[in-house]
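Data first, discussion second: the structure below is written as structure tokens.
The values are calculated or read from the model by the stated rules, or taken from the named source; none is laboratory data. Just so it is clear, the model here is predicted, and its values are computed rather than measured. Backbone-built Cβ (ideal geometry, glycine too); neighbour counts: all protein chains shown. Keep in mind that these areas ignore ligands, DNA and RNA; they rest on the heavy atoms of the full protein, side chains included. Shrake-Rupley method; radii C 1.70, N 1.55, O 1.52, S 1.80 Å.
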Amino acid sequence: MAVLAGLAAPLALPALLVPFRGSFPNTDAALALILVVVAVAANGYRLAGIVAAVSAAVWFDFFLTRPYERFTITRRADLETTLLLLVIGVAVTEIAVWGRRQHAVASRRAGYLDGINAAAQAAATGSSPSALTAQVADQLTRVLSLVSCRFQYGAAGLGRPARLRQDGTVLVADRPWDVDAEGLPQGTDTELLVEGGGIFQGRFLMTPGPDAGPTLEQRLLAVALADQVGAALAAGHPVGRE
């Protein structure tokens, strides 16, 4: 729909202005076309904005520059206006895409904070350990794009899974794994150890989805969530040492 709007809206405006094009400078129409491009680009979709910018430049030339109804420009000023219309349209689109991306990042981080706060509140209100670990397992599943996540008491290294460490790095067979380039390792679970007050409590055993490639920020969030569980479990009933 956005791309169709990018095609149609810049065509409709010059066509409507055809009966009046002799009574106002075409630069005024160019400014109005920029507003149309901004309206289309505001949704943050790059393709739609670029299509709108190109469409605006093309139909400005066809309808509002002499000779009319021809894809020909004979005056330097009209050529400059057309090029500016195209360049400004593309620039506005890039700004809108950047703004949409920043908004998405801010929303995602707000969700992360909500997840940590929810875990902290559950721990503070004395929720049962099973309820707390289930809640955090569900959050880890969403944050890390997992197929499944479960908590195991008093088990570390069993089955030699990959391990997500406190600094957000991942080890596979005791060797660093490039999560940014390859995502979470497939064909094996990844464990996240849970400690409280230096006492080992258990682990989250996580099965990654095929497209699981969490950023460092997301991996550190997972560690922070596990720390909330560790603190709550340590306050309740320490299990033992790793």
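The fraction of accessible area contributed by carbon and sulfur in the chain is 62 percent, rounded to a whole number (1.4 Å probe; ligands and nucleic acids excluded). Taking one quarter of the surface of the convex hull spanned by the alpha-carbon atoms of the stretch 26-155 gives a direction-averaged projected area of 11.8 nm². Magnitude of the charge dipole for the stretch 35-189, about its Cα centre and with charges confined to Cβ atoms of Lys, Arg (+1) and Asp, Glu (-1), is about 100 debye. Can you bin the stretch 187-232 into rounded, prolate or oblate? Criterion: square roots of the alpha carbon gyration tensor eigenvalues sorted a ≥ b ≥ c, rounded for a/c under 1.5, prolate for a/b above b/c, oblate for the rest. Oblate.
Here is the P(r) of the chain: all C-alpha pair distances, binned every 10 Å from 0, give 8, 24, 18, 11, 12, 13, 9, 4, 1 in whole percents. Each residue of the stretch 10-20 was assigned a 3J(HN,Hα) from its phi angle through the Karplus expression (A = 6.51, B = -1.76, C = 1.60, θ = phi - 60°), giving x, 7, 5, 5, x, 5, 5, 8, 3, x, 10 Hz with x at Gly and Pro. For the chain, the longest principal axis of the C-alpha atoms and the axis of helix 26-41 are separated by about 20°. Against the chain, whose longest principal axis comes from its Cα atoms, helix 129-144 is set at around 30 degrees. In this structure the chain gives 53 Å² per residue of accessible area when probed at 1.4 Å with all protein chains present.
With no solvent and one point on each alpha carbon, what is the Debye value of log10 I(q)/I(0) for the stretch 52-102 at q = 0.20 Å⁻¹? Treating every Cα as an identical point scatterer, log10 I(q)/I(0) equals -0.64.
Based only on the alpha carbon positions, what is the Kirkwood hydrodynamic radius of the stretch 95-229, in angstrom? If you can, show how the numbers build up before the last one.
Values: mean 1/r = 0.0650 Å⁻¹.
That comes to 15.4 Å for the stretch 95-229.
Its DSSP H runs of at least 4 residues, each contributing -39,500 (n - 2.57), put the calculated 222 nm mean residue ellipticity of the chain at -20000 deg cm²/dmol, to the nearest 500. Would the stretch 7-91 count as rounded, prolate or oblate if I go by the C-alpha gyration tensor, calling it rounded below 1.5 in a/c and otherwise prolate when a/b exceeds b/c, oblate otherwise? Because a/c hits 1.5 or more and a/b exceeds b/c, the stretch 7-91 counts as prolate.
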